[in-house]
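Structure first, commentary second.
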Amino acid sequence: MLFRDLDEGITEVVTLSWWTSIDAVKGFAGEDHLRARYYPEDDRYLLARPEGVEHSEVVIDGLIRP
């Protein structure tokens, strides 16, 4: 997780997760894997619910690695 203090008692939190493939992500999130998924208890902690998520690939020595 990444944390950034935005002052006034507000902290931005970025959650990172590692997947073996985009197909594995789709297996969890469904075909619309760019849409954020939330749990009911998230409302206790979130100021906003972004609609989308970001996916990135990790490249090491020119090779894409899971």
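Since every read-out is calculated from the coordinates, none of them should be taken as a lab result. Fair warning: this is a prediction, and the values are worked out from it, not measured in the lab. Here the Cβ positions follow ideal geometry from the backbone for every residue, glycine too, while neighbour counts run over all protein chains shown.
Charge dipole (Cα centre; +1 on Lys/Arg Cβ, -1 on Asp/Glu Cβ; no other charges) of the chain amounts to roughly 220 debye. Charged neighbours of VAL53, selected by a Cβ distance under 12 Å, balance to 0 (K, R count +1; D, E count -1). Between ALA24, ALA36, ALA48, the GNM of the chain built on Cα springs shorter than 10 angstrom shows ALA48 fluctuating the most.
Pick out, in residue order, every one of the trypsin sites (Lys or Arg not before Pro) in the stretch 1-48 that is DSSP loop and has at most 14 other C-beta atoms within 10 Å; say none if there are none.
Working: sites: ARG4, LYS26, ARG35, ARG37, ARG44; in loops: ARG37.
For trypsin sites (Lys or Arg not before Pro) across the stretch 1-48 that sit outside H, G, I, E and B with at most 14 neighbouring Cβ atoms in 10 Å, the list reads ARG37.
Dipole orientation for the chain: of the candidates VAL58, VAL14, MET1, VAL58 has the Cα lying most toward the positive pole (charges on Cβ; Lys, Arg +1; Asp, Glu -1).
Distance between the 7 Å Cα→Cβ label points at GLU12 and GLU41: 2.6 nm.
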